[in-house]
Amino acid sequence: MRLAVIGFSHKNTPLSLREALAFDREKAVAIAKTLINQDVIEESMAVVTCNRTEIYSIGSCLEGIRETTYQILAETIGVDVAELTNVSYCYFEAEGLRHIFRVASSLDAMVVGEAQVLGQFKAAYQTAVEYNTVGPYLHKACHAAFRVAKRVRTETDVAALPVSIGSLAIDLAIEAYPDLSRANVLLIGAGEMSSL
């Protein structure tokens, strides 16, 4: 079996496409189920964080996984396959596994060490387990990623200070306006990041 990671970084993706790729739990499940119903893909899960959307798949043919994933995503969000391929990245086999480890460990996050990324990764895995879209290969890969993330957090200084996009925004606001109690603040956004 072969591992393919196909992803979309929000910094390289146009806003309209970014919004279409910001799958909620139900859409992530639907995509994974559709993918595993294809002949070429046996296991699949979608990971959506504040900075990326990625599809992890296991199958016998890497090119088949890649083509099938682009086709299903394009049909699901209503765009051309070419539009997706132009803004995506792909990692295969060992390189894909290294990438998964970096994502779970928050080493490839907007804010390095942000603990929420591991939580989002774990939630995506639990959803995939609940809906039976992962099998022995992705189980093994994800559990290895959890172990790597734990080691990164405990054996390095990456978690020395609590960091998140929200905490950085507050630090910048205090730097600009030391007495925030006297400042008017307008927060534009929605979802978990805005709440934080």
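Things to note:
- FRET efficiency for the pair E63 and Y131, taken as 1/(1 + (r/R0)^6) with r the Cβ-Cβ distance and R0 = 22 Å, rounds to 0.25.
- Heavy atoms of H139 accessible to a 1.4 Å probe, total area in Å² rounded to 10: 60
- Dimensions of the stretch 9-160 from C-alpha coordinates, computed as largest minus smallest value along each principal axis and given longest first, are 43, 35, 27 Å.
- Semi-axes of the equivalent ellipsoid for the stretch 56-100, Cα gyration tensor, largest first, Å: 20, 12, 8
The values are calculated or read from the model by the stated rules, or taken from the named source; none is laboratory data. Model, not experiment: these values are computed from the prediction. Ideal geometry is used to build each Cβ from the backbone, glycine not excepted, and the neighbour counts take in all protein chains shown. These area figures cover heavy atoms from the full protein model, side chains too; ligands, DNA and RNA do not enter into them. Shrake-Rupley method; radii C 1.70, N 1.55, O 1.52, S 1.80 Å.
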